[in-house]
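The next block holds one structure in the form of structure tokens; read it before the comments.
The values are calculated or read from the model by the stated rules, or taken from the named source; none is laboratory data. The model shown is predicted, which means the values in this text are computed figures rather than measured ones. We place every Cβ from the backbone using ideal geometry, glycine too, and count neighbours over all the protein chains shown.
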Amino acid sequence: MNPFQQPIGPPLPHWTARPEPPHTPLSGQFCRVEPVDIDRHAEGLYRAYSAAPDGRDWTYMNAGPFPDAASFRSHLTKAAASRDPLHYTIIDLAAHEPVGMLALMRIDRGNGVIEIGHVAYSPLMRRTSAATEAMFLLLRHVFDDLGYRRCEWKCDHLNAPSRSAALRYGFQYEGIFRQAVVYKGRSRDTAWYAMIDRDWPAIRTGFERWLAPENFDAGGVQRLTLANWIAAQSGPEP
């Protein structure tokens, strides 16, 4: 309560603005997330995205699909030059090939808020450990390395796969912002999800246990889902 007997939020006497995210590589056991490089990534990324039979993966994205390599390279050139969003390429460490992209964006240093967006996984990433680890690497960077208080995930409310992914990764649903965006000539209601710093320790442990070798059988099939592991951190061991 303040002197006027009004309820107010908890004080943050030691809070300082968070640092600008450095555009540097983040390495895991299955993938590496590194700054977009036109010469090193454009050809491989276009090849990875071209493995899709049609353009449905781009329906809910601001850009794409791309009719040819030149148009994709033009898109990637703009992405590489941007500092917010800060775009990364995902490198599959087994194949040594680029397989997807994501970004840190809407970087609010003063409030310690940041968003993960522009998530464009190619068909080569589907149902792979690299797909989950890439998200873990960025989240760990946001909370553990940079000390942000809040990480957001937003998507078209009609994008069921993205909404499902947000929940799987441990984000909590916060509501719908109606008519929030116009893109590709149509209106978008935006679904908001977020996790905050006090959520992160349990989510981090869930990711670590999911990614552990013992969570997979000899055929590489998961024994417990990521959602199971995250939920277990606030309850009995699964």
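Below is a table of values for the structure above.
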{"quantity": "Residue within the range 178-191 that is out of contact with any Pro (no Cβ under 6 Å at 6 or more places or on another chain), within 15 Å of Glu115 (Cα to Cα), modelled with pLDDT of 95 or more and surrounded by 14 or more Cβ atoms within 10 Å (Cβ to Cβ) present", "calculated": "yes"}
{"quantity": "Subset tally (residues that are touching a residue at least 60 places away in the same chain (Cβ under 8 Å) and polar (S, T, N, Q)) for the range 145-172", "calculated": "2"}
{"quantity": "Close pairs (6 angstrom Cβ cut-off, 6 or more residues apart or separate chains): among the charged types (D, E, K, R) in the range 131-144, buried (at least 23 other Cβ atoms within 10 Å of the Cβ) anywhere", "calculated": "Glu133/Cys31"}
{"quantity": "Index of the failed condition, Ser74 passing every other in (1) over 11 Å from the mean Cα position of the chain (by Cα); (2) in a strand (DSSP E or B); (3) among the hydroxyl-bearing types (Ser, Thr, Tyr)", "calculated": "(2)"}
{"quantity": "Selection count, the range 8-51, where residues are out of contact with any helix residue (DSSP H, G or I) (no Cβ under 8 Å at 6 or more places or on another chain) and among the hydrophobic types (A, V, I, L, M, F, W, C)", "calculated": "4"}
{"quantity": "Residue match in the range 181-195 (condition: over 27 Å from Gly64 (Cβ atoms) and either in a loop (DSSP other than H, G, I, E, B) or of a type in the set (Asp, Glu) (or both))", "calculated": "no"}
{"quantity": "Selection within the range 144-194 - of a type in the set (D, E, K, R), within 15 Å of Thr59 (Cβ to Cβ) and in contact with a helix residue (DSSP H, G or I) (Cβ under 8 Å, 6 or more places away or on another chain)", "calculated": "Asp156"}
{"quantity": "Among the candidates Pro53, Pro19, Pro35, residue that is more than 23 Å from Arg149 (Cα to Cα) and touching a residue at least 40 places away in the same chain (Cβ under 8 Å)", "calculated": "Pro35"}
